[in-house]
Every structure is written in C-alpha cells, then in structure tokens.
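Taking it in order: structure first as structure tokens, then the write-up.
Just so it is clear, none of the values below were taken in a lab; they were calculated from the coordinates. Quick caveat, the model's predicted, so the values are computed rather than measured. Backbone-built Cβ (ideal geometry, glycine too); neighbour counts: all protein chains shown.
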Amino acid sequence: MDQHLFYRIMFLVLMTGFSQSAVAATPIAEFDAARGIDDSGWTAANDNTNHAKVTSGNGILRIEDQESEGRREDAYFYHQLSDEQRALARTTGFTYEWTLRIPQDTEGNTRAISTEVCVEGAEPESRLRFGLQLGRRGSELLASVETGSDGPLTGSLKIDDAGTFHHWVLVFEGKTQVLNLLVDQQLLLKGRIDRWDQGFHLVFGSRSTDEGISEWKQVRFSLGTGDHTMIEPPHSASPRFWILANEKASVPKRVDVFTGGIDGYFAYRIPSLITAPNGDLLLFCEARKNDLNDDGDIDLLMKRSTDGGATWLPQELIYEEGGDAPIKYGNPTAVVDEETGVIWLATNRDNLTDGGARAGGTLVLFHSTDSGKTWSEPVEITASIKKPDWGHHAFGPGVGVQIRHGEHKGRLLFPANFRKSFDKAQPSFSHVIMSDDHGKTWRLGGVLGDYTNECQIAEIVENGKYGLLMNMRNHWGRGGFPKKSGNRLVSRSFDGGESWDAEAMDAALPEPPCQASLYRYSSGTNANQDRLLFANPIGPGRSNLRVRLSRDEGQTWPYGKLISVGSTAYSCMTKLPDGKVGIVYERNNYQQISFSTFSVDWLEEPVQKMP
C-alpha cells in the first residue's frame, strides 16, 4: 500500500471522534501528533526569545507556557494556505478542528492556548482573522474570539471531565459570516465575524501572553462546512436595535481620510482632531506599518483640511524613530492654548524588547506655533510626571482641554492612564497632567481608582461652581468584576483637576470597552446654551457610533443620533469655524478613519420612525 495512503487511512481512523460535517468537508491541512510535526506542513515558530517548553511522545504534543516576572514565552505552529484555498475558505466556509487537553486550570481564556485562522476572498477588504483564546476553569472549558463589529465573544461549557481530551470544532459559513464553536458536539459560541486583520493563515499553540499548558493530539482544517447546521445568533429587542431601526437612515455623509493599505501603512488608528488657530482642521493618528497590533513599528502622522473637512491634503509625517524598529509613538492627544496660539501634541513612546514584551512608557510632547505647519523636536517629560513604580503610560487618546473659567483659567490639562506594569491584565488608573505656565513645565494632577482607563475631560459648571467632568473607559470587566462593567465611569473635580470625586458608573451611557469622546460645545449663563457632547459605539461590540447631547452638564443625555452604522470604534470631536461639529472615527474594522459633520441642533430633532 502507498505509504501516504496508509497514513491517510490511519488518520481518518484516529479522527473517528470528529463530526460528520468534517468528514463531508475537504481536508487541506492536517497535523497528527502520533506522526510528529516533521513533514506535516506545519512550521514551528516563536515571537519571543524565551520559548515555551515543547515535548512530544505517546501521540501528544505538549506546550508548557509558564511565564514569570514579566518574561513572555511562546511556542506555536503555523501552516500557510494558497491564495485559492484562502479565497474558498472565505467565501464557501471552512471547518477547523482540534483534539486538545488542558490539564491545569487557567482561570480564564489565554493566548497561551490558542488557535488562529486568517482567510480572504477575492478583494483585500474581504480579509478575515479568527483569533481564539481557550482555557479551563474547574469543570468548565472556556473560549473567546474577537469578532470585529460585535466585539469579543466569550463563552463556557460545563464538562464532566474538563481535564481530559476534548474535540473542538470551529465552523464558519462564508455567506452569512456566522461562526459556531463546538466542544464534543455541544455549542460553545455562536456569532458573526467581520474582523479585518492579517497573520499566519493557520496557527495553534501559545502566542506570547499569559500562562497555560496544552496537549494537542490532532488538528485539521477543511474547506466547506460539510453537514453542519449553522446556528445563528438571535436578534435582540434592546433599545439599541430601536435606535438602529429608526436613526440609521439619517446618518450624515462621510469622507474617508485615512484608509489602511494606502500610502505605506497597513492601518491608521487612534484619531485626534482639533481646529487650529487659523481655522484649519488637523487630524493626528497612529500609522501602523505592518499590522493592527498595538505595539510595533508605529509612526505619528497628520492630515490637514482647509475647507472644513470636505477635502484633506496629503499626509505629513510628524515623527518616526528607528526605521523598521518596533518603536511606537502612540495615543496622540492634542490641545490648543487659546491664549498663546500654541498647539501641544502629547504622545507616549513605547517599544518592544528582543523578547517581544512591551517596554518604554516614556511621555513625549511636540508643539507648533504656526497652526501645525512645523513642529518642534520631541521633548520628554517623563521624569516630572511618572512615579518610579509606574510601567505603561498612555495619553487620552483624543484631546486635552484648557480651562476657560474660574481661578484656574488658562490651565492646560491632558487626560491619561497608567499601569504599574506593562501587563494589560493589571489594573489601570485614569489621571491628568497639567501646566499652569503655558506648557513650559508639566506636573501630575489627580489620579482615579482601579480599572479606570482611557479618558476625556470637559469643563462644567454646577451650582455656580466651575469644575471638570472626566468620562472613562470601564475596565472592571477585564479585572474579573462583570457587575461593575457595562457602563462608562464618570468623576468630577472642582479644584482644577488636582483631585477627583470617587468614580461611578453612568447608567445613561452603556459601552463596549472602548475609547469615547467628550466635548464641550458651548456654555453660558443661559441653560439653553449649555451643550456637552459625548460619542461612543452603542454596540453590539464596537459598532454603531452615536453622539449624545446633554444640557445639564452631563447629568442626563436625552438627545442623540447615529453618526455611523456598522463597525466603529475610537472617535474625536471639534467645533468647526462655521459652528457645526466635526467628528472623526474609526470604522470598517479599523480599515478607515472617516470624517463627518453635523449641526448640534440636529441632535435634538425628533426621529421619524421607520415604516
């Protein structure tokens, strides 16, 4: 008998636990630990200098990722598909299966036990990336996947013996873009995916984050969904869907300012928008050279509009360091000193170590005295701001503010957040930095509590007293406290940002964990002139950007309209010279940064119900 045929028959015998749908599909990539990794078509790889321990024997491939003291380990295996195979997988669907044992509790989903699939259709924008993190908590098996517009999808299943081998099946239907994840033929996850990213086409193993031990017997990728009956996610009757049904027809027109894959960068993210002293619009962003990752080779760019956002001039490089080195200038956050005409641009400088870990955390300022036509060299202010036990630090992102009223008039403030390490799983803390001498010196202001994160500030007046409102991304869910998550966190200061009230959830502002924008449009002694604006994705996940309006200093948010339908994320607002509002926002799974305008009065117009 032909040796290849013999192994093929033996493989099918070993896969008898696999579902009929997989047998009906067409296998194009296989790995069987009993035969070893050599000549399997899978390649061993590492991103870090510290490698997770890999052993094989008795028909099992074991990967032990036991990180300690911030040292990242990894060990994974990848397989590349042909262009035709990727296109077929994207359009007709696929089945990805693995037999896996998780011998120890991980207490959550972890990239130390993970799989990935990257496929695309005929056009680059049809690229999809499935990144699954697996885990075990006692008698439960856990899984999580980032879907794109609908955000992270997580789930768990109680299993009689979670510590033994189980058969996992990921099924994707190209037409509906629905995915199902099953364990031993029990449904664990169901949802729709439109996450746009790139990477190795097929991956299994440990990918650099957290700890975990995994034992793999078999892996198989097949074209088509076979006989599997797809289970689609249910439609919701929540207020969000009422909003979508009644407001989506009136979203304003948009202009795509940055588009991923154009002008030398894979993606453009994290927008900051201001109106310069000369009336031009300046849009700052991160230019991510190679992928969507938050770390790596990331430059600082700007585009200018001289006609209120209708058209935009070619992009300008503000700063780049190290050529292709993994050095990042990120989270651009700008503020205009209205008393001097100087624009200040804050950014954090980070880098990746040789082992692939995030490092740096230095704080850098640029400034311009000519409405952004030229920029200063970067000035580092880390020593005057960061405490010795702080690790990661990030500004805004979005905009800073200058206090216009009261005893602190003229003070410049940048919102920011820090962690005491570079580990994203650790608590973060919102805070402000401030200058009372028009940017000559900067110092640390008030710090908020655990699991506050990216934030924005607006000036308010309450009972005749001038103050500040801080609106913060809520990370309590990430810390394992879901009952404290789901809504924005807010706090107020009445001493110019030196100290802040205890933060609390705003029941009127639900959120997926995401940056949001807060902007003071107008203020005055007449309450009808007070307008505060807030924008964030209303969900599901990072989708459907909506702007809300408050006339009572952020106590309530009764008015609002959709700005963009579908995948949307970070945003930033400014007041245009003609009195309209300009807003920039990430959309289409981070493929575009787009710009729209609207009249503030439009937010209060009644919505016509759809027939």
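Taking only alpha carbon atoms, the stretch 367-496 gives an Rg to Rh ratio of 0.99, where Rh is the Kirkwood radius.
Binning the alpha carbon pair distances of the chain at 20 angstrom intervals from zero yields the distribution 19, 51, 26, 4, 0, expressed in whole percent. Computed extension gain for Thr55 through Asp501, at 0.36 nm per residue and net of the alpha carbon distance, reaches 155.2 nm.
Of the three principal axes defined by the Cα atoms of the stretch 419-563, the extents in descending order read 45, 40, 24 Å.
Of the residues Ala249, Leu281, Leu301, the one whose Cα sits farthest towards the positive end of the charge dipole of the stretch 240-326 is Ala249 (charges of +1 on Lys and Arg Cβ, -1 on Asp and Glu Cβ, taken about the Cα centre). By the beta-carbon count within 10 Å of each Cβ, the least crowded to most crowded order of Ile28, Ile270, Ile102, Ile231, fewest first, is Ile231, Ile28, Ile102, Ile270. The Cα trace of the stretch 217-294 gives Rg and Dmax of 21.2, 65 Å, the first to one decimal, the second as a whole number.
The residues neighbouring Pro233, those whose beta-carbon lies less than 11 Å from its own, together hold a net charge of 0 under the Lys/Arg +1, Asp/Glu -1 convention.
Charge tally around Gln218: other residues with Cβ under 9 Å, Lys/Arg +1 each, Asp/Glu -1 each, net -1. Given +1 at the Cβ of Lys and Arg, -1 at the Cβ of Asp and Glu and no other charges, the dipole of the chain around its Cα centre is 1260 debye to the nearest 20. As a length-normalised measure over Cα pairs under 8 Å and 6 or more apart, the relative contact order of the chain settles at 11 percent. Applying 1/(1 + (r/R0)^6) with r as the Cβ-Cβ distance of Asp436 and Ala249 and R0 = 30 angstrom yields a FRET efficiency of 0.05.
Roughly how big is the stretch 265-386's charge dipole about its Cα centre, with Cβ charges of +1 (Lys, Arg) and -1 (Asp, Glu), in debye to the nearest 20?
The dipole of the stretch 265-386 has a size of about 200 debye.
Here's the picture: charge each Lys and Arg Cβ at +1 and each Asp and Glu Cβ at -1 in the chain, and of Gly356, Val145, Val54 the one pushed furthest to the positive end of that dipole is Val145.
Order by neighbour count: Thr91, Thr176, Thr568, fewest other Cβ atoms within 10 Å first, most last. If you can, show how the numbers build up before the last one.
Details: Thr91 14, Thr176 11, Thr568 29.
If I rank by nearby Cβ atoms, fewest first, I get Thr176, Thr91, Thr568.
Residue order for Lys303, Lys328, fewest other beta carbons within 10 angstrom first, comes to Lys303, Lys328.
Using all pairs of distinct alpha-carbon atoms, the Kirkwood hydrodynamic radius of the stretch 265-386 works out to 14.9 angstrom. Counting only DSSP H runs of at least 4 residues, each contributing -39500 (n - 2.57), and dividing by the residue count of the chain, the helix-based mean residue ellipticity at 222 nm comes to -2000 deg cm²/dmol. Positive end of the dipole of the chain (Cβ unit charges, origin at the Cα centre): among Gly41, Tyr559, Leu444, the Cα lying farthest that way belongs to Tyr559.
Using alpha carbon coordinates only, what is the Rg to Rh ratio of the stretch 489-556, with Rh defined as the Kirkwood radius?
1.00
Given +1 at the Cβ of Lys and Arg, -1 at the Cβ of Asp and Glu and no other charges, the dipole of the stretch 414-471 around its Cα centre is 180 debye to the nearest 20.
Rg(Cα) of the stretch 120-190 divided by 2.2 N^0.38 Å?
1.23
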